[in-house]
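Enquirer: Dumping the structure here so I can ask a few things about it.
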Amino acid sequence: METTERTTSNAAGWRPRPVVAGLFGLFLLTGCAGDSPSALNPGGTGATRVAGLWWLLFWISVAVFVEVMALLVWALVFRRGNVRVRHGQPLRFVTIAGAAIPFVILVAVYGVGLRDLAALGAAPARDAPTVEVTGHTWWWEVRYAGASGATANEIHIPVGEPVRVRLRTDDVLHSFWVPQLMPKTDLISGETRETWLQAERAGSYRGQCAEYCGTQHAHMAFLVVAQPRAEFDAWLARLNAAARAPQTDAERRGQQAFVQGTCAGCHSIRGTGAQGKVGPDLSDVGSRWSIGAGAVPNDAGHLGGWIANSQTVKPGNAMPPQPVPAAQLPDLIAYLRSLE
Ligand code: CUA
C-alpha cells in the first residue's frame with residue numbers, strides 16, 4: 001500500500017528531498033543577513049581575517065567541486081564504451097590534476113593560514129587597555145587593569161582600538177569567543193592566556209562560551225559593547241566609583257534588605273557593606289543586558305523570578321532559592337534595577 005502511494009506521488013512530480021534541501025539552504029543564508037552574530041558578519045579586525053580565510057577556502061572548495069563534477073559528467077556522458085587510451089596520457093592527467101594542482105592549492109592555503117595565524121597571535125601594544133576576564137560556571141567576571149571594580153557578562157571596549165584580553169578560569173575549561181570580533185581562546189585551569197580584540201564599528205557584539213563546561217554552558221553568554229573612547233572612559237571611571245546611592249524609600253529599603261540579608265554573603269555592591277565574592281558583582285546590574293549570562297532578559301519580572309528561585313530559570317547555577325518575604329521583594333527589585 002505504502003509503495004503504491006509513493007509511486008503515485010513520485011509520478012505527480014513531487015520530489016521532497018531537493019525541496020527540503022533548498023529550503024534548508026535558504027534558511028542557512030538567512031543567518032548571513034543584517035546584524036547576525038555570525039563569524040561571517042565580522043565587525044572587528046580579527047574576525048575579518050578569519051572570515052577572509054573562510055571565504056577563500058569556501059570558493060576554492062566550490063571550484064574543485066564544480067571541476068570534479070564536470071569531469072564526472074564528461075566521463076559518464078561522453079566517454080562511454082571502448083575508448084582507446086594512448087600510453088602515458090592517464091599518467092600525465094593524474095600527475096597534473098591529481099597531484100600538482102592540489103599541491104599548489106594546499107601550499108598556498110597553508111601560507112595564507114600561517115600569515116593569518118601570526119597576525120591573530122601578535123600581542124597588542126603595551127599601552128592597550130587590558131580587560132581581565134575570569135570564567136566561572138556559568139558566568140564571566142570582568143575586571144580592568146587599573147580599575148578596582150568589577151562587572152559581569154559585559155565587556156566595554158573603545159571602538160577602533162586593540163584591547164588586550166587576559167583570560168583565566170576559576171574552575172573548569174571554558175572558551176572565550178566573540179564570533180564577530182575574534183576567534184576562540186580556551187581558558188585553561190591554572191593558566192593565564194592572552195588574546196586581543198578590536199571592534200571597527202560601535203555597537204554590541206554577542207560572545208559565547210565555546211567549550212562545553214556543564215549543564216548551563218549554553219547560558220554562558222556575554223556582550224561586548226564597543227563605544228567611542230570618551231564614553232568608554234566615562235564608563236570605566238564609574239567602575240572605580242561607589243554604586244549609585246538609593247534615591248527612593250523603596251530603593252533604600254531594598255538596599256537594607258540586600259546588605260543585611262543573605263544576598264551580601266555572595267554578592268558585592270561597591271560603597272555598601274555587601275562584599276561577597278562568590279557571585280557576580282552587582283554594582284551596575286540594572287544596566288546589564290541580561291540576567292544569568294544570557295539566560296533571561298533583564299527586567300523587573302525576570303529579576304524577581306531570579307531572586308526568588310533562579311534554579312527554575314538556570315538549573316544548577318550556584319545560587320540557591322532565596323526565602324525573601326513577599327513584601328521585601330519589590331524593594332529589592334527596585335534597588336537592583338536602580339543600579340546603573
Ligand atoms: Cu563555559 Cu561553556
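Enquirer: Among the residues of the stretch 299-316, is any in a loop (DSSP other than H, G, I, E, B), surrounded by 17 or more Cβ atoms within 10 Å (Cβ to Cβ), touching a His at 6+ places or on another chain (Cβ under 8 Å) and touching a residue at least 24 places away in the same chain (Cβ under 8 Å)?
Expert: yes
Enquirer: Continuing with this model, one more query. Please determine, by comparing only the residues of the stretch 124-133 that are crowded, with 19+ Cβ neighbours inside 10 Å and modelled with pLDDT of 95 or more, which one is nearest to residue 46 (Cα to Cα). Before the answer, list the steps.
Expert: So in the stretch 124-133, the residues crowded, with 19+ Cβ neighbours inside 10 Å come out as 129, 131, 133.
Now drop any that are not modelled with pLDDT of 95 or more, which leaves 131, 133.
Values: 131: 17, 133: 19 Å.
Among them, the one singled out is 131.
Enquirer: Find the strands (runs of 3 or more DSSP E) located wholly in the stretch 175-218 whose residues include 2 or more that are within 14 Å of the ligand (Cβ to nearest atom), and list them.
Expert: Working: elements: 182-187, 193-197, 203-209.
Correct list: 182-187, 203-209.
Enquirer: Ok, one more. Which one of 112, 77, 172 is more than 22 Å from residue 289 (Cβ to Cβ) and surrounded by fewer than 13 Cβ atoms within 10 Å (Cβ to Cβ)?
Expert: Working: 112 fails: surrounded by fewer than 13 Cβ atoms within 10 Å (Cβ to Cβ); 172 fails: surrounded by fewer than 13 Cβ atoms within 10 Å (Cβ to Cβ).
Answer to the selection: 77.
Enquirer: Among the residues of the stretch 219-230, count how many are within 16 Å of the ligand (Cβ to nearest atom) and assigned to a loop (DSSP other than H, G, I, E, B).
Expert: 1
Enquirer: Sort out which residues of the stretch 243-291 are among the β-branched types (Val, Ile, Thr), open to solvent by less than 20 Å² (accessible area, probe 1.4 Å) and more than 15 Å from residue 304 (Cα to Cα), and write them in order of number.
Expert: 269
Enquirer: To continue, here is another question. Looking only at the stretch 73-123, which residues are farther than 30 Å from residue 162 by Cα, aromatic (Phe, Trp, Tyr) and at pLDDT 90 or above?
Expert: Of everything in the stretch 73-123, just one residue is farther than 30 Å from residue 162 by Cα, aromatic (Phe, Trp, Tyr) and at pLDDT 90 or above, namely 103.
Enquirer: What are the pairs, 6+ residues apart or on separate chains, where a residue within the stretch 202-228 that is without any contact (Cβ under 8 Å) to a residue 40 or more places away in the chain and of a type in the set (A, V, I, L, M, F, W, C) has its Cβ under 8 Å from a residue that is near the ligand (Cβ under 8 Å from one of its atoms) and part of a strand (DSSP E or B)?
Expert: 210/175
Enquirer: Of these, 118, 147, which one is within 30 Å of residue 217 (Cβ to Cβ) and among the small types (Gly, Ala, Ser)?
Expert: Step by step, each of 118, 147 is checked, and only 147 is within 30 Å of residue 217 (Cβ to Cβ) and among the small types (Gly, Ala, Ser).
The values are calculated or read from the model by the stated rules, or taken from the named source; none is laboratory data. Because the structure is predicted, anything quoted here is derived from the model rather than measured. Quick reminder, even Gly has a Cβ in these numbers, built from the backbone with ideal geometry, and neighbours come from all protein chains shown. Protein only, heavy atoms only, side chains kept; ligands, DNA and RNA dropped before computing areas. Shrake-Rupley method; radii C 1.70, N 1.55, O 1.52, S 1.80 Å.
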